[in-house]
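**Student:** The following block contains the structure, expressed as C-alpha cells.
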C-alpha cells in the first residue's frame, strides 16, 4: 500500500469519527455508517515510522463506542442511512420500543412509544438525557400495557446481565401476540441473555441489515424474532 493511500485510510477513519461525535453533540445522527475502525498489526508495523502516534490513534478509534457511551449515553451506534431503512420497514405501523435508553432510535421515527426503566442509570457512568419522551416502564410492564395496541415491538441492545428479554419473549408467546418483534443486538455476545438467544427463533432481514454495519469488535445485527 502506498503512503498516499495509507494516509487516506487514516484520514477517512478520523474524519468519520469526528463527524459522528459532532453529530451526537448536536443531538443528530451521523449520516452514513462508520467504516471499519482501527488498523491491522501489519499496517501499524509498516507505517509506524511515518506516523509516530499511530498506536495511540488505533487505541482511540477502537475506544469509540466507550467514548460515545460515556459522553452521550448511547450504546447502539447507527446512521441516518440505516434509520431510513428501518422507517421504510416500519411503514408507519404503531411501534413500541422497549429498553429505549436515551431514545435516540425512537426520536428519529414516527408513531413510536418509547419506554425504559432507567435502571442502567444506577450502574453506568451516564445520566438519562432522552432525545424524546420516554415513559418510565420496565420491559415486561410496557408489554403488558401496550402490546395489544401495537403492530411492532423493538428491543434494542438489551443488557446481558438479566433475563428481562427472555421474560418479554415468554410474555409475547403466552399472549399469542401477532405482531412483529424486532431485536437489535449481538447474538451470544455483548447483548441479551444466554437464555434469550437459546430459546428464540431468529431471522435476519436483508433490508434491515444491509446498512447496519459493524465498525468494531461487536457484531450486532437486526433480527426478527419468532
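FYI, it's all coordinate maths here, none of it is from the lab. Worth saying up front: this structure is predicted, and the values here are computed from it rather than measured. Note that we place each Cβ from the backbone using ideal geometry, even for glycine, and neighbour counts take in every protein chain shown.
**Student:** Helix 80-90 versus the longest principal axis of the chain: what angle, 0 to 90°, nearest 10, using Cα atoms?
**Tutor:** Result, in degrees: 20.
**Student:** First check a/c for the stretch 35-130, with a ≥ b ≥ c the square roots of the eigenvalues of its C-alpha gyration tensor; if it is under 1.5, answer rounded, and if not, answer prolate when a/b is larger than b/c or oblate otherwise.
**Tutor:** Verdict is oblate for the stretch 35-130.
**Student:** Also, quick follow-up: Please give the calculated 222 nm ellipticity per residue for the chain, where each DSSP H segment of at least 4 residues contributes -39500 (n - 2.57) and the sum is spread over every residue; nearest 500 deg cm²/dmol?
**Tutor:** -12000 deg cm²/dmol
**Student:** Would you please calculate the Kirkwood hydrodynamic radius of the stretch 80-225 over all C-alpha pairs and express it in Å, rounded to one decimal?
**Tutor:** 15.4
**Student:** Within 10 Å, count the other beta carbons around each residue, average over each peptide in 103-110, 194-201, 83-90, and list them highest first.
**Tutor:** Most protected by this proxy first, the peptides run 103-110, 83-90, 194-201.
**Student:** Let me ask something else about it. Let me know the volume per residue of the alpha-carbon convex hull for the stretch 3-62, in Å³.
**Tutor:** Per residue, the Cα convex hull of the stretch 3-62 comes to 81 Å³.
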